[in-house]
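First the structure, in the form of structure tokens, and then the observations on it.
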Amino acid sequence: MKIKEFIIIPSSIDAMGLIHKSGTGPNNRFGFKNVGNNRANEDTSDEAWELLGQKDPAIRKYVADLGLQNDQASVNKVVPMIDKARQTTINPSQIPQLKNLANKPADPTALKNILKIKGTPQAPEQFAKIMQARDQAEGRSRGYDVGKLVNAINTGNYDPPVVLKLPSGNYVIGGRTRLYAALALNKPINVKVLENVGNETKEAPPGTYFTKTGNLVKGRLTKAAKAKGARETDPKDKQRSKVPPVTQSNEARGTCWHGYQQKGYKKKGNKMVPNCVKEEAAGVGIVTKQNATKDVPVGGEYMNVKKLGLGKGKPKSMREEWEEFKENFADKKVKGKSRPGRVKRAGASCKGSVTSLRAKAKKYGGEKGKMYHWCANMKSGRKKK
């Protein structure tokens, strides 16, 4: 019995080293990548299909935001985008930092082994073996000698891999094997950078970045700033024709007077400035004329302490406690929490020099420390008399 036709399962397309082709029917829409050992070159449409078929959430969002789908019509739109993409050179040390570089089950192991042979004399031979093991693990048949990629990288006879630049990082779209080859040889490689095409095209100048609301800030784009929505590209790209001037320095720091705290930014003339509001007094800090409010006037630092469950109000000063101790021990009558024998019950003793008693007062906290402090004050007073 002869098999007249067979059906290619979509999930096996990449593993078989196939690409989509125009046409109709179950089989005539596919062809092999790099037919005839096409060195390290791929047709731009191959890279376009790679972009549209990526599973990484960030790339999928980028594709969706452009209104693209995994079909021929979208490929036709992506091809000119890739053709016009700028080229740049990246160093071997930058390759492992690319996101989506190891996107297949066998890739992490292959990448780890490549890093071991990086720049060694055995790298060309070992690279071919590592890639063959990777392809075998993925059930992939290339149809060409992967070892010849080494010569392509050395001579520069290759199409640059495609990298997508997003605010969250640089993502590999196509040409991973070429990137692996450059890494193994410890050589720089040219790449095409697809960045914000059809979306955000304006980038912040060096030493600056955009806030979530579109303000241009002078400073370094930190992880904390990124968490707040800061980015390298202009979120208001479609609303203005050029990059705006710097409106502030270091968004995270802000500049407010003492007693005021920053709550975002406000527009003042043609500039965005920190929006400074009075700090809320809750038993911390000193309430002055600058940060006083109707509810918390000047001197009302401890008004809300009891209300907020932070204590019983303003604590007694050392002099107030000392006067209370003198009174309590003068007539040996119980007053408040004090009563005769309080020193002994606290586990303290008035024996020793004033210096030693003060040292013990610092060492012990709570009631015991207070008693040592009291004893030191008592002895100090006797010496003065």
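The values are calculated or read from the model by the stated rules, or taken from the named source; none is laboratory data. A quick note: this is a predicted structure, and the numbers were derived from the prediction, not measured. In this analysis, Cβ positions are derived from the backbone assuming ideal geometry, glycine residues included, and neighbour counts consider all displayed protein chains.
Here's the yes/no breakdown for (1) under 17 Å from ARG86 (Cβ atoms); (2) more than 24 Å from the chain's Cα centre (by Cα):
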position: GLY143; (1), (2): no, yes
position: LYS165; (1), (2): yes, no
position: SER168; (1), (2): no, no
position: THR177; (1), (2): no, yes
position: ASN186; (1), (2): no, yes
position: GLU195; (1), (2): yes, no
position: GLU203; (1), (2): yes, no
position: LEU221; (1), (2): no, no
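Go through LYS212, LYS202, LYS187 for me and flag whichever is among the basic types (Lys, Arg) and in the same structural domain as VAL243 (by TED's automatic domain parsing). Walk me through how you get there before you give the answer.
Working: LYS202 fails: in the same structural domain as VAL243 (by TED's automatic domain parsing); LYS187 fails: in the same structural domain as VAL243 (by TED's automatic domain parsing).
None of the others qualify; the one that does is LYS212.
Would a scan of region 264-274 turn up a residue that is at pLDDT below 70, farther than 20 Å from LYS61 by Cβ, over 19 Å from the mean Cα position of the chain (by Cα) and not assigned by TED's automatic domain parsing to the domain that holds ILE82?
Within region 264-274, none of the residues are at pLDDT below 70, farther than 20 Å from LYS61 by Cβ, over 19 Å from the mean Cα position of the chain (by Cα) and not assigned by TED's automatic domain parsing to the domain that holds ILE82.
Do you know which of the residues in region 54-89 that are among the hydroxyl-bearing types (Ser, Thr, Tyr) and not in a helix (DSSP H, G or I) is surrounded by the most Cβ atoms within 10 Å (Cβ to Cβ)?
The extreme case among them is THR88.
In this structure, is PRO92 surrounded by fewer than 14 Cβ atoms within 10 Å (Cβ to Cβ), at pLDDT 90 or above, assigned by TED's automatic domain parsing to the domain that holds ASN170 and under 24 Å from ALA184 (Cβ atoms)? Talk me through it step by step, then tell me what you get.
Working: surrounded by fewer than 14 Cβ atoms within 10 Å (Cβ to Cβ): no; at pLDDT 90 or above: yes; assigned by TED's automatic domain parsing to the domain that holds ASN170: yes; under 24 Å from ALA184 (Cβ atoms): yes.
Against the criterion (surrounded by fewer than 14 Cβ atoms within 10 Å (Cβ to Cβ), at pLDDT 90 or above, assigned by TED's automatic domain parsing to the domain that holds ASN170 and under 24 Å from ALA184 (Cβ atoms)), PRO92 does not qualify.
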